[in-house]
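Everything on this sheet refers to the single structure shown next.
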Amino acid sequence: RSFLKIKFLRYYLFFLFRPTYATPKVLEKAGLTMNDIDAFEFHEAFSGQILANFKAMDSDWFAQNYMGRKTKIGLPPLEKFNNWGGSLSLGHPFGATGCRLVMAAANRLRKEGGQYGLVAACAAGGQGHAMIVEAYPK
């Protein structure tokens, strides 16, 4: 019984960290760094989830022991992070959270004059999703 509880907790904890795992992968595929991103939109599954992801993203130990990376990812600048609110304040429409995140990033890029946005989320089944949104030049 305790074995199942431990396995569940381990799964549950790592499910919440999926944006931390997905972010460097999408940045590397796009040839970008955290400094190139003008708007970050992360899904907040729970209030403490974002704080835990920030802690993991800013930890060399987590990067080396759990992600197989030599160094930490680094924190997104808070002045660029979920500026118009996140899933907890704006809502978490079941099945449409990704659309809400992408639209928030696209609208922020348009209004704030940015070029790149990064969208990341954890999802059911321990999945992690991330994508880069690029503003079309005027």
- Query: Which residues, taken from the range 38-68, are touching a helix residue (DSSP H, G or I) at 6+ places or on another chain (Cβ under 7 Å), modelled with pLDDT of 95 or more and part of a loop (DSSP other than H, G, I, E, B)?
  - Reply: D38
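Among the residues that make up the range 1-9, is at least one of them at pLDDT below 95, farther than 19 Å from H129 by Cβ, surrounded by fewer than 20 Cβ atoms within 10 Å (Cβ to Cβ) and of a type in the set (F, W, Y)? Quick ask: steps written out before the conclusion?
Initial filter on the range 1-9 (at pLDDT below 95): 1-9.
Of the ones still in play, those that are also farther than 19 Å from H129 by Cβ are 1-9.
Then drop every residue that is not surrounded by fewer than 20 Cβ atoms within 10 Å (Cβ to Cβ), which leaves 1-9.
Applying the additional criterion that residues be of a type in the set (F, W, Y) yields 3, 8.
Looking through the range 1-9, at least one residue is at pLDDT below 95, farther than 19 Å from H129 by Cβ, surrounded by fewer than 20 Cβ atoms within 10 Å (Cβ to Cβ) and of a type in the set (F, W, Y).
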- What number of residues within the range 108-138 satisfy the criterion of being modelled with pLDDT under 95, basic (K, R) and either crowded, with 21+ Cβ neighbours inside 10 Å or more than 23 Å from G31 (Cα to Cα) (or both)? 0
- Task: Considering only residues that are of a type outside the set (G, A, S) and free of Cβ contacts under 8 Å to residues at least 24 places away in the same chain, look in the range 78-97 and name the one that is surrounded by the most Cβ atoms within 10 Å (Cβ to Cβ).
- Result: L90
- Message: Residues to consider are A105, A22, A96; find the one that is within 11 Å of the chain's Cα centre (by Cα) and either modelled with pLDDT of 95 or more or not aromatic (F, W, Y) (or both).
- Response: A22
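The values are calculated or read from the model by the stated rules, or taken from the named source; none is laboratory data. Keep in mind the model is a prediction, meaning the values are calculated, not measured. Glycine also receives a Cβ, built like all others from the backbone with ideal geometry; neighbour counts cover every protein chain displayed.
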